[in-house]
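Asks: Starting off with a structure, shown below.
The values are calculated or read from the model by the stated rules, or taken from the named source; none is laboratory data. Just so you know, these numbers come straight off a predicted model, no measurement behind them. Cβ atoms come from the backbone with ideal geometry, glycine included; neighbour counts cover every protein chain shown.
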Amino acid sequence: MVQAADPLLISGGNDRAIPIAVVPFAWQGGNALPEDLAEIIGNDLRNSGSFQPIAPQNMISQPAQANEVIFRDWSAIGAQYILVGNITANGSNLQVRYAVLNVSTEQVMLSGEVSGAVAQLRDLAHHIADQAYEKLTGIKGAFSTRLLYVTAERSSPTNTRYTLQRADYDGARAVTLLQSREPILSPSFAPDGKHIAYVSFEQKRPRIFVQNIETGHREQVTDYEGLNGAPAWSPDGKRLAFVLSRDGNPEIYVMEMGSRQIRRITNHAAIDTEPFWGKDGQTIYFTSDRSGKPQIYRMNINGGAAERVTFIGNYNANPKLSADEKTLVMIHRQDGYTVFKVAAQDLERGTLRVLSDSSLDESPTVAPNGTMVIYATHHQGKGVLMLASINGRVRLPLPSIQGEVREPSWSPYLN
């Protein structure tokens, strides 16, 4: 049994993030580009919590390629790495060349080129950030992934419009996938990144739908009495776990998507909810109050006893796993407190770190590489999405979005 320990509040990293200079890319074209490629790359690297972008000083030359770098200048301002590049017009496309250099060894760590339309500028920037991040950390980047979330705009006390949105992981380029006058809850990406599941109240009661993102085709997959909620895709995308109360209290069920057959996984007098799959496709993590207060458990979907996972605090719910399954992210309340925060528990050591500094946090979702978490909270009197690095160095709200924002869900890696 994991022993309880005092949670450690993290307000910033204990060690310094790696300083990297992301130099403005030289643009060899006509009109100014709509966005700053280097700024997007720098923000991506900062958001991971592993890097601290440093702004080039005016007296330092801004090279467009590796052989133009004067290393002593960059060493003087504390840069450990430099990312340089240039952009040229190639017909209707942009051709981007880039390189990452080690200041101390004066060696090229990474070089490459990528092309795309002007409308794909952010895609190009995220791709370069992914490549640089993986080369320098050994961890696959997650900046080219996507985010689902729900907005709620109230025009009167009795009239609210809900929208299901998909955006870049950082909230940019949002597109609407669904609009409704009734609540939308618990959106979840399928592993193929092309399908989503969510709960809609459009029939005045909760029902689960599956939708193709590109075509918009949607299908209702549950229609049971009572609660139909919290859909979660299995790692192979062939099964969907969710919560039904058709047999009384809420329990976790699994549906085979090919046959639409369901089977009950949990069987307890307590409330069992919020399933999340382990990467083996056989283990389910879930929230249950069978100990008297909400805590997180795991069990094999083929049977056996549920094992309690969380012991720190009097409330732990909404479990999400990092990609390596070493870290469990959750909504946490410490003993003696009434506020709810995002926390990360080391599953090997049992220790827990609080990642947020707000008090009404909910719905955490973890980047596929496990380095960042996005959650819903309140900031300056409004429901917003907050991004935090798992190492505790970064915490910032995503750009302002119309209406109250909630229910974020991170995509898997996209090909």
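Asks: Determine if region 126-136 includes at least one residue that is part of a strand (DSSP E or B) and under 26 Å from the mean Cα position of the chain (by Cα).
Replies: No: region 126-136 contains no residue that is part of a strand (DSSP E or B) and under 26 Å from the mean Cα position of the chain (by Cα).
Asks: Moving on. Give the number of residues within region 134-155 that are buried (at least 24 other Cβ atoms within 10 Å of the Cβ) and under 17 Å from Gly85 (Cβ atoms).
Replies: Residues meeting the conditions: 2.
Asks: Could you please give the count of residues in region 7-25 that are more than 30 Å from Met330 (Cβ to Cβ) and either at pLDDT below 90 or not assigned by TED's automatic domain parsing to the domain that holds Gln131 (or both)?
Replies: Final tally of qualifying residues: 0.
Asks: Do we find that Ala172 is outside the structural domain of Ile70 (by TED's automatic domain parsing), within 24 Å of Pro24 (Cβ to Cβ), within 17 Å of the chain's Cα centre (by Cα) and of a type in the set (Gly, Ala, Ser) in this structure?
Replies: yes
Asks: Starting from region 387-409, take each residue that is without any contact (Cβ under 8 Å) to a residue 40 or more places away in the chain and list its partners that are surrounded by fewer than 20 Cβ atoms within 10 Å (Cβ to Cβ), counting only C-beta distances under 6 angstrom and pairs at least six apart or across chains.
Replies: Pro397/His379
Asks: Among the numbered criteria (1) over 21 Å from Gln295 (Cβ atoms); (2) surrounded by fewer than 21 Cβ atoms within 10 Å (Cβ to Cβ); (3) of a type in the set (A, V, I, L, M); (4) at pLDDT 90 or above, which single criterion is violated by Val394?
Replies: It is condition (2) that Val394 fails.
Asks: Out of the residues in region 108-149 that are small (Gly, Ala, Ser) and in contact (Cβ under 8 Å) with a residue 60 or more places away in the chain, which is nearest to His195 (Cα to Cα)?
Replies: Ser144
Asks: So which residues in region 252-270 are loosely packed, with under 14 Cβ neighbours inside 10 Å and either touching a His at 6+ places or on another chain (Cβ under 9 Å) or assigned to a loop (DSSP other than H, G, I, E, B) (or both), if there are any at all?
Replies: Selection gives Gly258, Ser259, Arg260, Asn267, Ala269.
Asks: Looking at region 225-251, which of its residues are closer than 19 Å to Pro191 by Cβ and part of a strand (DSSP E or B)?
Replies: Correct list: Ala230, Pro231, Ala232, Trp233, Arg239, Leu240, Ala241, Phe242.
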